[in-house]
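S.K.: My questions will all concern the structure given below.
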Amino acid sequence: AIGSCSTAAEPLVRFFIHYTNRWTCSFTVWVEEDPKEILQSVYECMDRTCEKLTQLNIDISNIKAVGVTNQRETTLVWDKETGEPLYNAIVWLDLRTQSTVERLINKTPGRNKNHLKTGLPISTYFSAVKLRWLMDNVEKVHEAVLSHRAMFGTVDSWLIWCLTGGKKGGVHCTDVTNASRTMLFNIHTMDWDPELCKYFDIPMEILPKVRSSSEIYGLMKSGPLTGVPISGCLGDQSAALVGQMCFKDGQAKNTYGTGCFLLKNVGTKPVMSDHGLLTTVAYKLGRDKPACYALEVMLLNVDIPGLEYLILNISLFTPEKLAADVGTSYGCYFVPAFSGLYAPYWEPSARGIICGLTQFTNRSHLAFAALEAVCFQTREILDAMNQDSGIHLSQLQVDGGMTSNRLLMQLQADILCIPVVKPSMPETTALGAAMAAGAAEGVSVWSLNPEDLTEVTSEKFEPQINPEVGSHLCCGARGAVGGSVPCSRAPQTWYCLPET
């Protein structure tokens, strides 16, 4: 989506193109995107947004900067001489690299999958193992690396390179938030790490230059915004953290979308988790500004995909309404681990389960259990974050498509036992990228200093149940999550009827 914001952070226009991932499922899950389609969708968004501004009699020459926000770990390799992608982008939730991950863990002393340099565990989630798979399995990528024609990047790098000229002098860069999700970036030195690159056997020459999240990277070279600087770049979850103005230690936001993405600002010193959480770079808003860090958890498939599963496979066509009608799960628990369990378990072999069924359980109870699954996992992670950071959260700021579900937001407040705050400005991810772009040196249309920021209007959901009740419900949910792992390790048997 691309939009234009006023100084009060109100969208003047917005335009969306819904992009669908390409799923291939056999014994594992492959998820890909076409890099050219991603780029074309960006050009179309820019064109249509400028058209809408013109219709509103707004001169597009008033657009001072462009910000980019993107899926972080999604991995691309392209040919710098032809400008052509050498394979589809491998999406962050793709699981094809599980054997690569196991091989890497086996060669690690003590089979320790956690790495203090990166703040990340060795997992299918991150870019380095996806890049390693491309180099090992795609002949075009292998040849381009050997002939020094290959460029690697996450989606931000691909877009900035193309928008600033591509093969005719495009800027090959990324920002610290995206780099910190590759497993090749040292979050202490804030640069690519030679030892990590050697460990994954990845040549450093194919990596983009790491920049801050707010500076001028280059100028647009085509389209209606030709000559406008691209001056903001943040991974999507960091952009939402900035858009929610979580600039103080201990502030946190949760984005409810393809999964729940929960980030807590821990300040200018990285905090290493004892509970399976990720340590990541939250933002670096200027070349000379300090980097800020966050504890992060991605809870995959707990909201939108979970509800889509109920709609498509169990014919619960109005899950939100059904849940509201019944008001309880009646002891039923739903664990939507469709692509394994991520933090704090990091168990890719886990699979989704529904348990606690009785003869009285109906479709409405299942729908309510799906909403509760979001809240239970968020509670478990926030408890771990509070212990790791030593700063207890006083309220949770939320954004994303599912926040329009008022029942879900109230359930979340009840189970967390703290207020849940939803801003009136829904596009916090786009807003974060715009804030970074507008604050960059050489653009400076606004300041992100705390004293210059204004309060945003919001809706607050206060807890309405006894905290002991919420804790009791969470205990049952933890038991259900534990049951999702043994089931996945049972041997798979396929039965075929004889042909007649």
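S.K.: Considering the Cα positions of the stretch 146-300, please state its Rg to one decimal place and its Dmax as a whole number of Å.
M.R.: 16.2, 49
S.K.: What's the ranking of 418-424, 233-239 by average number of surrounding C-beta atoms within 10 Å, highest first?
M.R.: Values: 418-424: 18.4, 233-239: 30.1.
Listed from highest to lowest mean packing, they are 233-239, 418-424.
S.K.: By what distance, in whole Å, do the Cα atoms of the stretch 59-152 stretch along each of the three principal axes, largest value first?
M.R.: Projected onto the principal axes, the Cα atoms of the stretch 59-152 cover 61, 31, 22 Å.
S.K.: Largest first and in whole Å, give the semi-axes of the stretch 376-475's equivalent ellipsoid, each being the square root of 5 times a Cα gyration tensor eigenvalue.
M.R.: On the way: eigenvalues 197, 50, 27 Å².
For the stretch 376-475, the ellipsoid semi-axes come out as 31, 16, 12 Å.
S.K.: Would you mind checking the radius of gyration and Dmax of the stretch 419-491 based on alpha-carbon positions, in Å?
M.R.: 21.6, 60
S.K.: Over the Cα atoms, compute the radius of gyration (one decimal) and Dmax (the largest Cα-Cα distance, rounded to a whole number) for the chain, in Å.
M.R.: Rg then Dmax for the chain, in Å: 22.6, 78.
S.K.: Counting only C-alpha contacts under 8 Å and six or more residues apart, can you give the relative contact order of the chain as a whole percent?
M.R.: Numbers: 1049 pairs, mean separation 70.4, N = 500.
For the chain, the relative contact order is 14 percent.
S.K.: Once the dipole of the chain is set up with Lys and Arg at +1 and Asp and Glu at -1 on Cβ about the Cα centre, which of 370, 206, 17 lies farthest towards its positive end?
M.R.: 206
S.K.: So what are the stretch 191-248's ellipsoid semi-axes, whole angstrom, largest first, if each one is the square root of 5 times an eigenvalue of the alpha-carbon gyration tensor?
M.R.: Numbers: eigenvalues 151, 85, 16 Å².
That gives 27, 21, 9 Å for the three semi-axes.
S.K.: Here is a follow-up. When a/c is below 1.5 the answer is rounded, else prolate if a/b is larger than b/c, else oblate, so apply that to the stretch 230-277 with a ≥ b ≥ c taken from the square roots of the Cα gyration tensor eigenvalues. Walk me through the numbers on the way to the answer.
M.R.: On the way: a/c = 1.75, a/b = 1.23, b/c = 1.42.
Since a/c reaches 1.5 but b/c is at least a/b, the shape of the stretch 230-277 is classed as oblate.
S.K.: From the backbone phi of the stretch 149-157, what are the Karplus-calculated ³J(HN,Hα) couplings (6.51 cos²θ - 1.76 cosθ + 1.60, θ = phi - 60°) in whole Hz, Gly and Pro given as x?
M.R.: 9, 7, 10, 9, x, 7, 4, 4, 5
S.K.: Please report, in debye to the nearest 20, how large the charge dipole of the chain is about its Cα centre when each Lys and Arg carries +1 at its beta carbon and each Asp and Glu carries -1 there.
M.R.: Working: 41 positive and 51 negative charges, 125 e Å.
Result for the chain is approximately 600 debye, rounded to the nearest 20.
S.K.: Still on this model: How large is Rg over Rh for the stretch 93-195, taking Rg from the Cα atoms and Rh as the Kirkwood inverse mean of 1/r across Cα pairs?
M.R.: Rounded to two decimals, Rg over Rh is 0.99.
S.K.: While we're on this one: Rounded to the nearest 500, what is the 222 nm mean residue ellipticity of the chain from helices alone, with -39500 (n - 2.57) per DSSP H run of 4+ residues and division by all residues? Spell out each step's value before the answer.
M.R.: Working: 14 runs with 167 residues, N = 500.
Mean residue ellipticity, 222 nm, calculated: -10500 deg cm²/dmol.
S.K.: What residue among 420, 404, 336 has its Cα farthest toward the positive end of the dipole of the stretch 331-423, where the charges are +1 on Lys, Arg and -1 on Asp, Glu, each on the Cβ?
M.R.: So the residue furthest toward the plus end is 404.
Read the figures in this text as sums done on the coordinates, not as results from a lab. Remember, it's a predicted structure, so these values are computed and weren't measured experimentally. Note that each Cβ is placed from the backbone with ideal geometry, even for glycine, and that neighbours are counted across all protein chains shown.
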